[in-house]
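To start, the structure itself, in structure tokens.
The values are calculated or read from the model by the stated rules, or taken from the named source; none is laboratory data. These figures come from a predicted structure and were not determined experimentally. Ideal geometry is used to build each Cβ from the backbone, glycine not excepted, and the neighbour counts take in all protein chains shown. Accessible surface is based on the protein model in full, side chains and every heavy atom, while ligands, DNA and RNA are left aside. Shrake-Rupley method; radii C 1.70, N 1.55, O 1.52, S 1.80 Å.
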Amino acid sequence: MDAVGKSTEPTPPAPVPQAASAAQISAVLGNDDIFREILLRLDFPTCLVRAAAVSTRWLRHASDPALLRRFARLHPPRLLGFFVNSSNSPLRFVPLPQPPELAAAVRRGRFDFGRGAGNVSDCRDGRIIVHVMPENGMPGKDTVFCPLHRGRGAAVLPHPEPVLPRRQPPAGVSLYSHELLFHDGGGEGMSVIEATVMRSEWQAWVQIREFQAGCWGECCYSDLIQLPGTWRRCEKFALLANGKLYLICMAQYILAMDVATMSSICIKLPEGVEFGYNTDLALSRADGSGFCVVNVRGFRMQAWRYRMDCDSIGHWELIDTIYLPQVLGHLADPTWNSSGAVVRVPAVGDNADFVFLRIQNKVFYLRISGKAVEKVYELTRNEFLFGVSPFMMVWPPTFPMLNGGHDKGE
């Protein structure tokens, strides 16, 4: 008789009793250290928000500032798209390809602000300040929109009431611009500053006031600032970051003002970096102290970071130097050199992570660290580009309040 062969298939594991499996899961999720590591491995802020809705314990961990700082380093806020302000149509949103999780969030949003939507003052943390002209010919209104939160509607910034300043503008300076910028740490509240800049050829004077809790505060004033260089006009010249107002207003210097003290310094740009007709300069926020600068001269682009030391002395660090025709590859036009094409920088991402470039009638999106580039917009004949405003995922995320804030569950 032939012997019966033994099976070579592995013996299936004995089923784990349901109660034991639940106990193992509870042991893992009940350990705070392990649970926080699990949260850090989620892909998107939207996943954190859904986890926070489970219980107050999960909410406490997901919204912890220390965990959020680590999450942001592992998963930096993503660029969802950008707003284009041009002569051909009202302000419009151009979405960029996203994973399904974020694409769904964009589809649920409201990005059409009406036919009168035009100039963008600032765009940050999922919010945008837009100047909207009503169709009845009345004066326009500066309006704050939260496109990813349809239910919030729009908030019109009341026009600041005229005040009798405690200090009159110095003689010889004239109005240059009004800037509306989101304040650092505004969070869910709407905190905006209005910076009024006045200048002469060699001097500047700044007035600042803050809109918070539904009203404008008192004005603060700088002393008359003596400039080390002559004033130059720049369309996108203001940045508010880490409590400092930075202004591009000279060829080789950045004017920096502390919003709290109204003290100012002029920061010399790195050697070979300047703002002029055939060069362009743009600013962006940086984590911690300081700010970033992107400079284009011809087809060479450099990204720099200005970092403050412990003794409040700043220094420049070169992030990268890029020769644009190399990274553009087949997207580059061979006629650019012969036609005298000038590269402009409409916008830069935080920490100089990415940059938008306009070369003739094309707009390119370049991720600096990976040198990945794509054409994202093309101007039609006779269309003039006024501005590009990157729109980022909301950060920090908006967390739910469970049971009106009275939930005590675990």
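Out of all the residues in region 154-174, is one or more closer than 20 Å to residue 191 by Cα, of a type in the set (Asp, Glu) and at pLDDT 85 or above?
Checked against the condition, which is being closer than 20 Å to residue 191 by Cα, of a type in the set (Asp, Glu) and at pLDDT 85 or above, region 154-174 yields no hits at all.
Mind listing just one residue for me: the one in region 258-287 that is in a loop (DSSP other than H, G, I, E, B) and open to solvent by less than 50 Å² (accessible area, probe 1.4 Å) and, of those, nearest to residue 72 (Cα to Cα)?
286
List the pairs whose first member sits in region 128-153 and is of a type in the set (Ser, Thr, Tyr), whose second member is assigned to a strand (DSSP E or B) and open to solvent by less than 90 Å² (accessible area, probe 1.4 Å), and whose Cβ atoms are under 8 Å apart, counting only residues at least 6 apart or on separate chains?
Here the result reads 143/129; 143/130; 143/131; 143/132; 143/154; 143/155; 143/156, each pair linking region 128-153 to a residue that is assigned to a strand (DSSP E or B) and open to solvent by less than 90 Å² (accessible area, probe 1.4 Å).
State yes or no: is residue 355 within 15 Å of residue 269 (Cβ to Cβ), part of a strand (DSSP E or B) and touching a residue at least 60 places away in the same chain (Cβ under 8 Å)?
no
Among the listed residues 44, 35, 83, 93, identify the single one that is aromatic (Phe, Trp, Tyr), at pLDDT 90 or above and in contact with a Ser or Thr (Cβ under 8 Å, 6 or more places away or on another chain).
None of the others qualify; the one that does is 83.
Tell me whether region 104-119 contains one or more residues that are polar (S, T, N, Q) and crowded, with 19+ Cβ neighbours inside 10 Å.
no
Is it the case that region 230-248 has a residue that's hydrophobic (A, V, I, L, M, F, W, C) and over 25 Å from the mean Cα position of the chain (by Cα)?
Checked region 230-248: at least one residue is hydrophobic (A, V, I, L, M, F, W, C) and over 25 Å from the mean Cα position of the chain (by Cα).
Read through the list (1) crowded, with 17+ Cβ neighbours inside 10 Å; (2) closer than 27 Å to residue 367 by Cα; (3) touching a strand residue (DSSP E or B) at 6+ places or on another chain (Cβ under 9 Å), then give the number of the only condition that residue 75 fails.
(3)
From the list 41, 69, 36, 92, pick out the single residue that is in contact with a Leu (Cβ under 7 Å, 6 or more places away or on another chain) and not hydrophobic (A, V, I, L, M, F, W, C).
Exactly one residue qualifies, and that residue is 36.
What number of residues within region 330-387 are among the hydroxyl-bearing types (Ser, Thr, Tyr) and open to solvent by less than 60 Å² (accessible area, probe 1.4 Å)?
Count: 2.
On the basis of being over 17 Å from residue 247 (Cα atoms), hydroxyl-bearing (Ser, Thr, Tyr), in contact with a strand residue (DSSP E or B) (Cβ under 7 Å, 6 or more places away or on another chain) and touching a residue at least 12 places away in the same chain (Cβ under 8 Å), does residue 279 make the cut?
Against the criterion (over 17 Å from residue 247 (Cα atoms), hydroxyl-bearing (Ser, Thr, Tyr), in contact with a strand residue (DSSP E or B) (Cβ under 7 Å, 6 or more places away or on another chain) and touching a residue at least 12 places away in the same chain (Cβ under 8 Å)), residue 279 does not qualify.
Provide a single number: the residues in region 305-326 that are at pLDDT 90 or above, of a type outside the set (A, V, I, L, M) and surrounded by fewer than 21 Cβ atoms within 10 Å (Cβ to Cβ).
10
Can you tell me which of (1) crowded, with 21+ Cβ neighbours inside 10 Å; (2) modelled with pLDDT of 95 or more; (3) of a type outside the set (Gly, Ala, Ser) is the one residue 249 doesn't meet?
Result: residue 249 passes all but (2).
Only residues in region 31-53 that are of a type in the set (A, V, I, L, M) count as the first member; pair them with residues that are open to solvent by 70 Å² or more (accessible area, probe 1.4 Å), Cβ under 8 angstrom, at least 6 apart or cross-chain, and list the lot.
Short answer, once both residue conditions are applied: 40/70; 40/74.
Within the set of pairs 6 or more residues apart or between chains, which connect a residue that is touching a residue at least 40 places away in the same chain (Cβ under 8 Å) inside region 207-219 to a residue that is of a type in the set (Phe, Trp, Tyr) with Cβ atoms less than 6 Å apart?
Close Cβ pairs (under 6 Å, with a partner that is of a type in the set (Phe, Trp, Tyr)) amount to 207/221; 209/216.
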